[in-house]
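*Asks:* Dropping the structure in here first, questions after.
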Amino acid sequence: MNKSSRRLAALFVLGIAALYPPLLGAFNRPGSFLGIPILPLYLFTAWVMLVVISWILGRGDEL
């Protein structure tokens, strides 16, 4: 397995861990941040970060 494949596999494991239901339970509580409920804010932030990191890793050595 090359370096790029290992990084993408690690990102996959990180994504699974970030969206694992027991961890989501920690963010499923009343309250909001800047008027946005905590759980949807966490979900969209985690999703955006996974997309951005995968885009950066997908570019490879072009940087």
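The values are calculated or read from the model by the stated rules, or taken from the named source; none is laboratory data. Treat the numbers as computed from the prediction; the structure is a model and nothing was measured. Cβ coordinates were reconstructed from backbone atoms using ideal geometry, including for glycine residues, and neighbour counts include every protein chain displayed.
*Asks:* Looking only at region 23-48, filter to residues that are exposed (fewer than 10 other Cβ atoms within 10 Å of the Cβ) and at pLDDT 90 or above; which one of those is nearest to the chain's Cα centre (by Cα)? Steps first, please.
*Replies:* Step one: of region 23-48, the residues exposed (fewer than 10 other Cβ atoms within 10 Å of the Cβ) are 29-31, 33-35.
Still in the running and at pLDDT 90 or above: 30, 33-35.
Numbers: P30: 22, F33: 19, L34: 21, G35: 22 Å.
Among them, the one singled out is F33.
*Asks:* When both residues are 6+ apart or on different chains and their Cβ atoms are under 9 Å apart, which pairs have a first residue that lies in region 8-35 and is on the phi > 0 side of the Ramachandran plot, and a second that is part of a helix (DSSP H, G or I)?
*Replies:* G31/I38; L34/L41
*Asks:* Taking P22, is it of a type outside the set (V, I, T), assigned to a loop (DSSP other than H, G, I, E, B) and either more than 26 Å from G58 (Cβ to Cβ) or touching a His at 6+ places or on another chain (Cβ under 6 Å) (or both)? Write out each step before concluding.
*Replies:* On the way: of a type outside the set (V, I, T): yes; assigned to a loop (DSSP other than H, G, I, E, B): no; either more than 26 Å from G58 (Cβ to Cβ) or touching a His at 6+ places or on another chain (Cβ under 6 Å) (or both): yes.
Judged against the criteria, P22 is not a match.
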